[in-house]
Amino acid sequence: MSTPTILEIRDLKSSFSVRRSGRKYRVNAVDGVSFSLNQGEVLGLVGESGCGKTTVGRSIIRLLEPDSGSVNFKGSAVLTAGGAALRALRMNIRMVFQDPYASLNPRRSIGDSVAEAGDINRLFRGRAERASSIAATLTAVGLDPSFATRYPHELSGGQRQRVGIARSILPAPDVIIADEPVSALDVSVQAQVLNLLMDLREQLGLSIIFISHDLAVVGQISDRISVMYMGRIVESAAVRTILDDPRHPYTRALISAVPKPDPSRRITGAIETGEPPSQFNRPTGCAYAGRCSMAVGRCFVEVPRLRPLGQEDRLAACHLL
Amino acid sequence: MLSVRDLTVSTGPDTAPTDIVSNVSFDVGKGEILGLVGESGCGKSLTSLAIMGLLPQPGPRIRAGHVMLAGTEVTRLQPWERVDAGQGRIAMIFQEPMTSLNPVRRIGDQIAEAVAVSEGISGAAAMARARELIELVRIPDAALQLSAYPHQLSGGMRQRVMIAIALACRPQILIADEPTTALDVTIQIQILGLLRDLCNRFEMSILFITHDMGVIAQLTDRVVVMYAGRIVETAAVDALFEHPGHHYTCALMDCMPARNLGARRLPTIPGQAPPPGSFAASCAFAPRCTAARHACRVSLPPRLRLSEEHETLCAFPLEVGSRK
C-alpha cells in the first residue's frame, strides 16, 4: 500500500445516556471502532439502522463528542483540537447529510448557503471573489450559477443534494464524510448524484467516507467496505472481496437480503432470520450470535476481535473464521 | 379479484381538470401479487387510495373510470358503504406503521378492535382471534406482545402488527403501499417472505406498491410500471426483466446500483420526472428518452401489445433481444 493514510480512527467509543420507562441506560452506540482512510480512497461504511455508522461519521468531526479513542488527520489529533485548530480541521473534513430538505436553511439563498463556510472563515477577499467562488462551486456540482439567487423550496431533491455537496466542497477539503447522501432520492436521481461524487473525487482528489445502509449503493462507489453491526466493525475488505466472497455471517446475511433485480430468485415463502438485539440490553459475546445459524457456545460469551483473515487487507470479527 | 378500468384521478376545477392519474387499468387475480412500480410523484399512491376509497377530501377525486371488487362496482362507495355491500374484504398497509398505530393503546387492543369491527365479536373472543393473528404474522412471544405498546416494538414488528390488523377482515385483497421502504434489508426480506406466505396460504391477492425494482423482481408475479400518472408498461415479471418494452422501464432497471455492482459509473436518466398531468397529449417520457422521435413529442403514444399479457405505452418499443 503506497497511498498514504489521510485519516486514522483508533478505538473510537461513543455512548448516549437514554431514559426508558423510568430507568437510565447507557447505550454504547459505537463500541471500539478503528479504521483508516487512504488518500483518494472511498471507504464505504455500511450497516443497518442503529449500528452506529452515523455516530462514527459525526464523531470524526466532533459534531458529537466521542467518549474515547483518537482521530488523526494528516498527523494532527482531531479529538483534542480546539478553537482555530478545530475550525481549520472542519474546513478540511466536510460533511454531506442525508436530508437535503432539512440541512438547508429555507430562508437563505442557495448562494449564501454554499458560501457559508467561506464567510465564517473569511476565505473571500471581497464580493467579486465570493460570487465567482459560488458560481464555480455550483458549476462543479452540475448546477447553473443562476441557482445562487434561488431558495431551497424552488429546487428538486436531487438539486438540493447537489447544493449540499457544493457546500461541502467550497473550502476545497481533503475529506468528505457523506452520511446517506442519496437515500432520500429516487433511483434515477440517485445514480446522477453518485456519478457526481465519483467525478468530484477524481477532479478534486477527495477522500470520502461514504456512510449508507444500502449495500448496493456502497458497493457502487466504494473502494473498500467496512460492515458495522451493533457499534462494531464486523468485516472490512476491498469492495469486490466483500461482495463476491463475504465471510462474516452477518455480511453474508446482509448481501443475500439485498433485493436483486432477478425474477429467477423469487421469494417463495416465509423467511425468518430474527432481529437485532435491543440496544439497551446488549448481549455478552458476539452481538450477532443470537441471529447467527453457525453460532457456538463461545460466541455467546466472548466478544470476537477484528483480526486479519487469510488474504492481506481483509479483517473480520468472528470466532468461526 | 380487483379490476381497475380507465381510472382517472384529477385535481382542479371540473371545467379544467388536471389528471394526475390518467386512464389506469389493471387486474389483480386471485392469489396473485401485482407490483405497481414508479418514482415519487408518478401517481402510484394516489391510485391505491382511489381504489380504497380513501382519497383525501377535499382533494383529488375520481373523475372517470371504475373500480370493481370481486365483480362489484365500488368506485364511488364510501368505505362503510362497501362493507354494507359485502365488499369490505380489502385492507391496506402503509409505509410508516407508527403513524397508523395508536401510540397509547396496547397492540392486542388495537388488533382486537379491528377484529370486533369486521367479525362482530368482542371481549375474550376478539382477543383470542387477535392472538391468532399475531401468531399468523410470526411475531414471537405472542402472549407477551399483545400487551406491548407500539413504541416498544421494532419497525419490523410494527409492520407485522399492521399486517395482523389488515388480516382481521380476512381480506381477499391487500394493498401494500411501500410497506418495507422504511425497514432495513434484513428485516425487509422477512416481511416480503411473510406476505408471500400469506398469499400462498389464503389465496390472498396483493397489490404491492414500491419504487424498488429489486423488490418487484423478487416478490411479484406481474408488474405495472407507472410514469407521470400513466401506466407505461404491464407485463409478467419474468418478461419485464427479460425484455422490457418501454424505454423508461429499461432505464429504471439500468440505473439500479444492484444491477451494476462494482461498475464505476451508473447509467442515468437525464433530467427528472415531470409532474403528472403535464403531458396530456404527448409521451411524458419523451424529453428524457434516448429513442424519442418527433411523433413522441406531438402525440400520445399508442398502447402496443408486445405479447399476451405484455403491453407498453410506446410508439417505438424496445425490440425483443435488443437489450442484453
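Remarks
- Scanning the range B:19-39 for residues that are of a type outside the set (Asp, Glu) and surrounded by fewer than 18 Cβ atoms within 10 Å (Cβ to Cβ) turns up B:Asn23, B:Ser25, B:Gly29, B:Lys30, B:Gly31.
- When we screen B:Val232, B:Val225, B:Val185 for residues that are in the same structural domain as B:Asp27 (by TED's automatic domain parsing), farther than 17 Å from B:Leu34 by Cβ and in contact with a His (Cβ under 8 Å, 6 or more places away or on another chain), the only hit is B:Val185.
- Scanning the range A:34-81 for residues that are within 21 Å of A:Arg201 (Cα to Cα), small (Gly, Ala, Ser) and touching a helix residue (DSSP H, G or I) at 6+ places or on another chain (Cβ under 9 Å) yields A:Gly40, A:Gly44.
- Positions within the range B:150-178 being surrounded by fewer than 22 Cβ atoms within 10 Å (Cβ to Cβ) and polar (S, T, N, Q), in sequence order: B:Gln152, B:Ser154, B:Gln172
- When the range B:21-73 is filtered for residues that are outside any loop (DSSP other than H, G, I, E, B), farther than 17 Å from B:Ile206 by Cα and hydroxyl-bearing (Ser, Thr, Tyr), the ones remaining, listed by number, are B:Ser22, B:Thr72.
- Helices (runs of 4 or more DSSP H) enclosed by the range A:179-270 - at least 3 residues per element that are of a type outside the set (S, T, N, Q), in contact with a helix residue (DSSP H, G or I) (Cβ under 7 Å, 6 or more places away or on another chain) and more than 25 Å from A:Phe73 (Cα to Cα): A:187-204, A:215-221, A:249-257
- Some residue of the range B:44-63 being in contact with a helix residue (DSSP H, G or I) (Cβ under 6 Å, 6 or more places away or on another chain), in contact (Cβ under 8 Å) with a residue 60 or more places away in the chain and surrounded by 18 or more Cβ atoms within 10 Å (Cβ to Cβ): no
- Boolean, A:Leu243 is more than 19 Å from A:Asp31 (Cβ to Cβ) and more than 13 Å from the chain's Cα centre (by Cα): yes
- The listed residue being assigned to a loop (DSSP other than H, G, I, E, B) and more than 16 Å from the chain's Cα centre (by Cα), out of B:Thr99, B:Thr15: B:Thr15
- Among residues of the range A:5-23 being β-branched (Val, Ile, Thr) and in contact with a Phe, Trp or Tyr (Cβ under 8 Å, 6 or more places away or on another chain), the one that is nearest to A:Arg307 (Cα to Cα) is A:Ile9.
- Restricting attention to the range B:116-149 and to residues that are over 22 Å from B:Ile187 (Cβ atoms), in contact with an Asp or Glu (Cβ under 9 Å, 6 or more places away or on another chain) and among the hydrophobic types (A, V, I, L, M, F, W, C), the residue that is surrounded by the fewest Cβ atoms within 10 Å (Cβ to Cβ) turns out to be B:Ala125.
- Flag for A:Arg305 being farther than 25 Å from A:Ile211 by Cα, charged (D, E, K, R) and out of contact with any Pro (no Cβ under 7 Å at 6 or more places or on another chain): no
- Note on the range A:43-101: residues that are of a type in the set (A, V, I, L, M) and either within 14 Å of chain B (Cβ to nearest Cβ) or out of contact with any strand residue (DSSP E or B) (no Cβ under 8 Å at 6 or more places or on another chain) (or both) total 6.
Here is a yes/no grid of residues against (1) facing another protein chain (nearest Cβ under 7 Å); (2) modelled with pLDDT under 90; (3) within 21 Å of B:Arg160 (Cβ to Cβ); (4) surrounded by 13 or more Cβ atoms within 10 Å (Cβ to Cβ):
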residue	(1), (2), (3), (4)
A:Asp262	yes, yes, no, yes
A:Ile267	yes, no, yes, yes
A:Pro276	no, yes, yes, yes
A:Ala287	no, no, no, yes
A:Gly290	no, no, yes, yes
A:Val301	no, no, no, no
A:Arg305	no, no, no, no
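The values are calculated or read from the model by the stated rules, or taken from the named source; none is laboratory data. Owing to the predicted nature of the structure, the values given are computational and were not obtained by experimental measurement. With ideal geometry, Cβ positions are generated from the backbone for all residues, glycine too; neighbour counts draw on all protein chains shown.
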